[in-house]
Amino acid sequence: MLDVNKIREDFPILQREVYGKPLVYLDNAATTQKPLCVLDAMREEYLNVNANVHRGVHYLSQQATDLHEAAREKVRAFINAKKTEEIVFTRGTTEAINLVASSFCESQMKAGDEVLVTEMEHHSNIVSWQLQAQRRGIVVKHLPITDEGLLCLDDIETYLTEKTKLVSVAHVSNVLGTINPVKDIIRLAHERGIPVLVDAAQSAPHMKIDVQDMDCDFLAFSGHKMYGPTGIGVLYGKEVWLEKLPPYQGGGEMIDKVTWEKTTFERLPFKFEAGTPDYVATHGLATAIKYMESVGLDNIEAHEQELTRYCMEQMRSIPNIRFFGEAPKKDAVVSFLVGDIHHLDLGTLLDRLGIAVRTGHHCAQPLMDRLGIAGTVRASFAMYNTKEEIDILVAGILRVAKMF
Ligand code: PMP
């Protein structure tokens, strides 16, 4: 299995104190901490390799390019994509979804056509489409959820009409932790010839992703939520789709030939990578993936599932606790409220005890409206968290609850 104590040694930040208390970091759905190997790899590249990538004839540029393209291959293998041409580096999930929204809506949709999302999406998978709706007159529909926090899949067929041109859905909800049955959704959409984008921001850090098995048309995730650096993410797209879509941004790196009369574009994936890429961050991301693989994706998943189960079980003893998201298939996220204590008060007082949790609407305001609340407190787990930390959280909540 997984040796948490050994893993924790790789993350020095976990040893620090806040307000004189040992840090209990339970805000991993927002961002994870970084292991030393990632920091070392990036420092080493800046120290000894740094040069701009692609087309450089000199030694350093070629070495930096090799690292950058090796990172692309690492990502390809990590999600089992067929080709590196299908791996586009972006700034993160948000930019990846915006890229598809912009290029897909421009080339594949007309006014009145529909994109189907769900009621549990992060704003990045809502607002990106709403921007296109304003510009192009397309319609954004959403699949509702049950009180338990599951998608109402029985209704999905009524939402998939001849007007539906794309389905875009979170693999795992960042608020509810629900693991959505994306394979079923993709099958139902494909039966009608509709492509599917999967927002894997909250699944790629926790479970093995296989884009060929899933058969998704697009998939997006962020490096910083999976032990990698900030500012780097991935858009996977099936080659047939990426070939069809126009470039998202213009600039260097993405062109074949530029004249005043006509400009032609680079081959995949460079057509979608205008400007100098964050080539040090891609190397950092590849190092993070190697680190996750050395621990073992199955071990990480099993450990975090156990933490989630244990957390829910222990928290049930807290008087007047309300959970948001009780799906049987749930991962690494526990959202809750206690009595009528405001989420911000609870989060602030837990912080004073050294416990870092997130409070608020978690960039999912339509979901908060559906649940009839302003926000929740959210504890979210990573491979380095322990049951002892959950015990500290539960004791902390009980202590705060007593004060009210
Ligand atoms: N989708 C989901 C489900 C998320 O949890 C997040 C991050 N909270 C995002 C998208 C956006 O990710 P990023 O800010 O890294 O682009």
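Data table
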| read-out | value |
| --- | --- |
| Hits in segment 361-376 (condition: within 22 Å of THR32 (Cα to Cα) and open to solvent by 10 Å² or more (accessible area, probe 1.4 Å)) | HIS361, HIS362, CYS363 |
| Given (1) out of contact with any strand residue (DSSP E or B) (no Cβ under 9 Å at 6 or more places or on another chain); (2) at positive phi, number of the condition ASP184 does not satisfy | (2) |
| Selected residue (only one of GLU114, GLU119 is touching a Pro at 6+ places or on another chain (Cβ under 8 Å), farther than 20 Å from TYR248 by Cα and more than 8 Å from the ligand (Cβ to nearest atom)) | GLU119 |
| Qualifying positions in segment 80-95 - within 16 Å of the ligand (Cβ to nearest atom) and of a type outside the set (Lys, Arg) | VAL88, PHE89, THR90, GLY92, THR93, THR94, GLU95 |
| Members of segment 96-109 found to be within 16 Å of the ligand (Cβ to nearest atom) and open to solvent by 10 Å² or more (accessible area, probe 1.4 Å), listed by number | ASN98, SER102 |
| Flag for ALA96 being touching a residue at least 60 places away in the same chain (Cβ under 8 Å) and either part of a loop (DSSP other than H, G, I, E, B) or more than 25 Å from ASN174 (Cβ to Cβ) (or both) | no |
| Test for GLY112: is it free of Cβ contacts under 8 Å to residues at least 40 places away in the same chain, outside the structural domain of LEU307 (by TED's automatic domain parsing) and either farther than 15 Å from THR287 by Cα or surrounded by 15 or more Cβ atoms within 10 Å (Cβ to Cβ) (or both) | no |
| Candidate set: segment 49-66, residues that are open to solvent by less than 50 Å² (accessible area, probe 1.4 Å) and in a helix (DSSP H, G or I); chosen: the one farthest from PRO269 (Cα to Cα) | SER61 |
| Residues (out of contact with any strand residue (DSSP E or B) (no Cβ under 6 Å at 6 or more places or on another chain) and under 12 Å from THR164 (Cβ atoms)) located in segment 109-131 | GLY112 |
| Filter pass, LYS257 being assigned to a helix (DSSP H, G or I) and over 21 Å from PRO195 (Cβ atoms) | no |
| Residue match in segment 165-174 (condition: open to solvent by 50 Å² or more (accessible area, probe 1.4 Å) and not in a strand (DSSP E or B)) | no |
| Hey, MET312 surrounded by fewer than 21 Cβ atoms within 10 Å (Cβ to Cβ) and in contact with a Pro (Cβ under 7 Å, 6 or more places away or on another chain) or not | no |
| Residue match in segment 140-156 (condition: at positive phi and open to solvent by less than 60 Å² (accessible area, probe 1.4 Å)) | yes |
| Residue in segment 151-165 that is under 30 Å from MET42 (Cα atoms) and within 16 Å of the ligand (Cβ to nearest atom) present | no |
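Let's see how each residue does on (1) β-branched (Val, Ile, Thr); (2) within 16 Å of VAL333 (Cβ to Cβ):
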residue: ARG136; (1), (2): no, no
residue: GLU148; (1), (2): no, yes
residue: VAL167; (1), (2): yes, no
residue: HIS171; (1), (2): no, yes
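The values are calculated or read from the model by the stated rules, or taken from the named source; none is laboratory data. None of the values given here were measured: they were computed from a predicted structure. As a convention, Cβ positions derive from the backbone with ideal geometry for all residues, glycine included, and neighbour counts pool all protein chains shown. Areas reflect the complete protein model, heavy atoms only, side chains present, ligands, DNA and RNA absent. Shrake-Rupley method; radii C 1.70, N 1.55, O 1.52, S 1.80 Å.
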